[in-house]
């Protein structure tokens, strides 16, 4: 038995872009797009649509901006089937003007990522998107740091002031345990009467898939995953596990297995993601993974005791 | 708040021995033992105590037999603290005579692994152990294949005919979802009125830790983990994640982080374990990982579509 309301969002290229400054080759993005379409994934997020004033195009690759011309190149000739294209705008690093009217764009959905403090910026971008004819979501990042009173106000605003499809719980630090997922879904649903709840989990504690299942059980209907978990630090909920769990016959896992073997796993030669002790420790300690990512590039990367001592000192200061 | 009844069992060397035919060096086993003792782990399982008639000592390393002389070598001079030593006997591959009277042994607990069909052999070995002065557990393997009517009879027998400390749910194939863990814990508890429930999970679907938490919530009190998840195929519940979750102040994660960095992670040069697509697929399909382990050693190891097709054909035959 399956729930037809469930929407699966592949964000391999977008979240993976946090590992390589969004410098995926056109071939890689095309292969991911094609696999998503052939597998019947509902949405495939092909990058950020962030501002070139915030990110230098010399320093960052094309998928930090996901220009329409680049989108045309990677999608040309591929039958999309039911699969729609999403891009992400960071509330504090994107501008409304970078979003064309829907008729001139290959994008179907704009996902706006925000902290609670930036929720008014996020609403402006989301309304810009829906006014121009797109679907939209708002994704509240770092939820494990955002549980204070202003979260309620933000959720109330999102319900009243936007027409987004879904509001996401984003566990940026991979810190949440299953019972906290229950807590946040309940808290979101208390405010969101006309919107779906979405879930986006990181894998620092190897809980991204389990927490996504928890979300499914609690009627979260927008589910993020990435191929082989590719994403920042420990990565994300592996899309192939999610498809293995979901019962909807519209999904076909084979193209995903193929692209993982041919395109994603080979990226491990250049890119580091997945379960590592430093990422696990920032997850357990509910911290941003940036220090762990730096540590993994240092010559001391396997001195986990020193890293643990360093990041717990930071807490005590 | 913590539950003092909880016992953590490190089975790095024993389960890891399924990756390398139990051929760990004495230095490795000593380092694991020392870390377990320093961390306050309740039990450390240092190998099998299986029969040399079943496993050739030429083909298999010392930790398939875990002779008392070898145990003395790896533990000499180390303060055990509260940590007790366990070994495992396979119900169908071990004999009572290999277990000395407790006074002549460094072992504290004998864990008997069994399929439902071998439960009478398991009871014989468990009673042999407890009669000789040891603690014992019985670990029902491949539980995801063992849910039929004879499981109830086995549980009734284990309750009535043994005085083991715990009876384990062993998800050998990494096939269980959280709600199935609930189902099995409930079913076990229906019969086990004087014994604890134990949980031993494999990580094929990255659910070993989440399922262990599920067990904890449901009052399973014997919890297995391995350092950095070392174990057959996708490996086990990572001990470091379990310690990060448990609140009992007696546990100290630092020695575990140290031995993982210095001893366990370097084993990855020779040994393959962890999340890989073929292991994930056997987990999803509720199959033994042996075909996936063979596939991972083949030149086609990254052709996941072919592997998937092969193991689903087997089902249909």
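Every read-out reported here was derived from the displayed coordinates using simple, explicitly stated rules and does not represent laboratory data. Just so we're clear, the structure is a prediction, and the values are computed from it rather than from any experiment. Because the Cβ atoms are built from the backbone with ideal geometry, glycine has one as well, and the counts that use them run over all protein chains shown.
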Label residue A:21 and residue B:153 with points 7 Å out from Cα along Cα→Cβ: what is the distance between them in nm?
6.8
Note down the relative contact order for region A:1-157 as a percent, whole number, built from C-alpha pairs under 8 angstrom at least six residues apart.
19
With no solvent and one equal point scatterer placed on each C-alpha of chain A, evaluate the Debye formula and give log10 I(q)/I(0) for q = 0.08 Å⁻¹, two decimals.
-0.33
Three principal axis lengths of the protein assembly as shown [C-alpha, angstrom, descending]:
81, 62, 44
If the label point sits 7 Å along Cα→Cβ of residue A:67, residues of region A:123-153 with amide N under 20 Å come out as none
So what are the three principal axis dimensions of region A:135-191 from its Cα atoms, in whole Å, longest to shortest?
30, 23, 16
Suppose only helical runs count, i.e. DSSP H with n ≥ 4. What mean residue ellipticity at 222 nm does that imply for chain B under -39500 (n - 2.57) per run, divided by all residues and rounded to the nearest 500 deg cm²/dmol?
-11000 deg cm²/dmol
Other copies of residue B:248: label-to-label distances in nm, shortest first, labels 7 Å along the beta-carbon direction
4.3
Quick one: label points 7 angstrom along Cα→Cβ at residue A:152, distances to the other copies in nm, smallest first?
4.8
Order of B:24, B:65 from fewest to most other C-beta atoms within 10 Å?
B:65, B:24
What is the average number of partner chain Cβ atoms found within 10 Å of a Cβ in B:203-212?
5
Here the FRET efficiency for residue B:92 versus residue A:179, based on Cβ atoms and R0 = 60 Å and rounded to 0.05, is 0.90
Beta carbon of chain B nearest to the axis of the rotation taking B to A, residue and angstrom distance:
B:210, 2
Could you calculate, for region B:253-313, the ratio of the Cα radius of gyration to the Kirkwood radius, expressed as Rg to Rh?
1.13
If you restrict to DSSP beta bridges whose two residues both lie in the protein assembly as shown, what percentage is antiparallel, to the nearest 5?
5
Whole angstrom only: what separates the Cα centroid of region B:148-176 from the Cα centroid of region A:5-44?
44
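Report for chain B the percent antiparallel among DSSP-assigned beta bridges with both residues inside it, nearest 5.
Just about 5 percent of them are antiparallel.
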Taking a temperature of 20 °C and a viscosity of 1.002 mPa s, what whole-number D in µm²/s does Stokes-Einstein yield for region B:126-274 with Rh from Kirkwood over alpha carbon pairs?
132
Please report the relative contact order for chain B, taking Cα pairs under 8 Å with a sequence separation of at least 6, and give it as a percent rounded to a whole number.
18
For residue A:97, place a label point 7 Å out from Cα along the Cα→Cβ vector, do the same in each other copy, and report the separations in nm, one decimal, smallest first.
8.9
With the convex hull built on the alpha-carbon atoms of region B:171-258, volume per residue in Å³ sits at 92
